[in-house]
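What follows is one structure encoded as structure tokens, with my remarks underneath.
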Amino acid sequence: MLRLDNVSKTYRVGSFGRGRLTAVRDVSFELREGEVFSLIGESGSGKSTIGRMILRLLQPTAGSIKYGGDDIAGLKRGALKDYYRNVQGVFQDPFSSYNPIFKADRIFKMVHAEFFPEVSGDEWRARLEDALESVSLNPEDVLHKYPHQLSGGQLQRLLIARALLLDIRYLVADEIISMLDASTRIDVLNLLADLKERGLGVLFITHDLSLGNYISDTTVILRHGSIVEMGETEKVFGNPQHPYTQMLLASVPRLHAKWNGGAQARALPEPADVPALVEIESGHLAAL
């Protein structure tokens, strides 16, 4: 459904923009409906930049992003509006998506006015209640409330309900779990899994390996803007081939083990292009 071909993004930096910073370098992959596709990498790896380019919030410096065979860079007016009917995004900080002086459900009024002006008020209210209930929200608890009166998890679900009202085909979920508490995280993850079962495609952007392993069908590991490993999630996590992926997986703290400050750390063998970030001993971390 969505295809990225040799996509790169370079920013101008420094005095008068004379410097260049490559955030994404020659990235290619396909996104399909009914699949959760995880982009995993550390901060600065380029994963959020890729998500923003898919949502056309940024333009690629090179390469193409195609939807249904059409390059999204060339979409205008009606075609672009149709694209946003099918592809939407939810971001890390839910509070940043709302204007604090308006009630949170104003986002639904905007969707009604912009995309479905022909739908009557009663029919729209019925659709809205169905969408809220599908994301496990009680309409009476969240409608007519200001953003500060709702939790982060509720605000995230409102944004997902907004996407469902558009009957989208693909959701870009950019770090939507990182600002939520542990009990709410699993609810949102299970919601994404439920959406996948309904045929929705999800690009799940995260720095958390455990979350990616929990929910995704396909995984891409990014480092410095480039793909270092890609494949079925079970294979990537069960038998990682790239030393950087191996290092990331070895760095995940274990629930069954406690940190031992007196443990003798040993260096993980690394290739020349991977900086020494941590030393590992029986799953424990020690700063270099």
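Here are the numbers:
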read-out: Under the span-like rule (Cα at least 18 Å along the axis, Kyte-Doolittle mean at least 0.5), DSSP H helices of the chain; value: 152-165
read-out: D (Stokes-Einstein, µm²/s), Kirkwood Cα radius, the chain, 0.692 mPa s at 37 °C; value: 159 µm²/s
read-out: Inverse of mean 1/r across different Cα pairs in the stretch 68-120, Kirkwood, Å; value: 13.4 Å
read-out: Span from the the stretch 91-163 Cα centroid across to the the stretch 12-54 one, whole angstrom; value: 29 Å
read-out: The stretch 38-160 - charge dipole about Cα centre, Lys and Arg +1 at Cβ, Asp and Glu -1, debye rounded to 20; value: 500 debye
read-out: Estimated translational D of the stretch 143-201 in µm²/s (Stokes, Kirkwood radius over Cα pairs; 25 °C; 0.890 mPa s); value: 201 µm²/s
read-out: Whichever lysines have a C-alpha closer than 17 Å to that of Lys66, once near sequence neighbours (fewer than 8 apart) are set aside; value: Lys9, Lys76, Lys81
read-out: Within-10-Å neighbourhood charge of Gln92 [Cβ basis; K, R +1; D, E -1]; value: -3
read-out: Extension gain (nm, one decimal) between Ser136 and Leu249, 0.36 nm per residue minus Cα-Cα; value: 37.4 nm
read-out: Computed E for Met1/Asp194 - FRET, C-beta separation, R0 22 angstrom, nearest 0.05; value: 0.65
read-out: Intensity falloff of the stretch 67-163 expressed as log10 I(q)/I(0), Debye formula with alpha-carbon point scatterers, at q = 0.17 Å⁻¹; value: -0.82
read-out: The stretch 59-71 - phi-based ³J(HN,Hα) in whole Hz, Karplus 6.51/-1.76/1.60, Gly and Pro as x; value: 9, x, 6, 8, x, 9, 10, 10, 10, x, x, 9, 5
read-out: Hydrodynamic radius (Kirkwood) for the stretch 1-160, which is based on Cα pairs only, to one decimal in Å; value: 18.2 Å
read-out: Mean separation of Cα contacts under 8 Å (6+ apart) over length of the stretch 31-97, as relative contact order %; value: 17 percent
read-out: Normalised per residue, the volume of the convex hull around the Cα set of the stretch 45-95 (Å³); value: 98 Å³
read-out: Neighbour-count order for Arg56, Arg162, Arg32, fewest beta carbons within 10 angstrom listed first; value: Arg32, Arg56, Arg162
read-out: Relative contact order for the stretch 31-169, counting Cα pairs under 8 Å that sit 6 or more residues apart, in percent; value: 27 percent
read-out: 25 Å Cα-Cα reach of Lys235 towards lysines, excluding residues that sit fewer than 8 places from it in its own chain; value: Lys47, Lys196
read-out: Relative packing of 219-225, 133-139, which averages over residues the other C-beta atoms within 10 Å, highest first; value: 219-225, 133-139
read-out: Taking the chain and dividing mean pair separation by its residue count, relative contact order in percent (alpha carbons under 8 Å, at least six apart); value: 23 percent
read-out: Distance histogram for the stretch 94-139 (every C-alpha pair counted, 10 angstrom bins, percent rounded to whole numbers); value: 24, 50, 26, 0
read-out: Ranked Asp105, Asp26, criterion: other C-beta atoms within 10 Å, fewest first; value: Asp26, Asp105
read-out: Signed unit charges on C-beta, dipole axis of the stretch 133-219, positive-most listed residue Ser210, Ile186, Ser134; value: Ser134
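Any read-out appearing in this document is the output of simple, stated calculations on the displayed coordinates, not a laboratory observation. No experiment lies behind these values; they were computed from the predicted model shown. Note: ideal-geometry Cβ built from the backbone for every residue, glycine included; neighbour counts use all protein chains shown.
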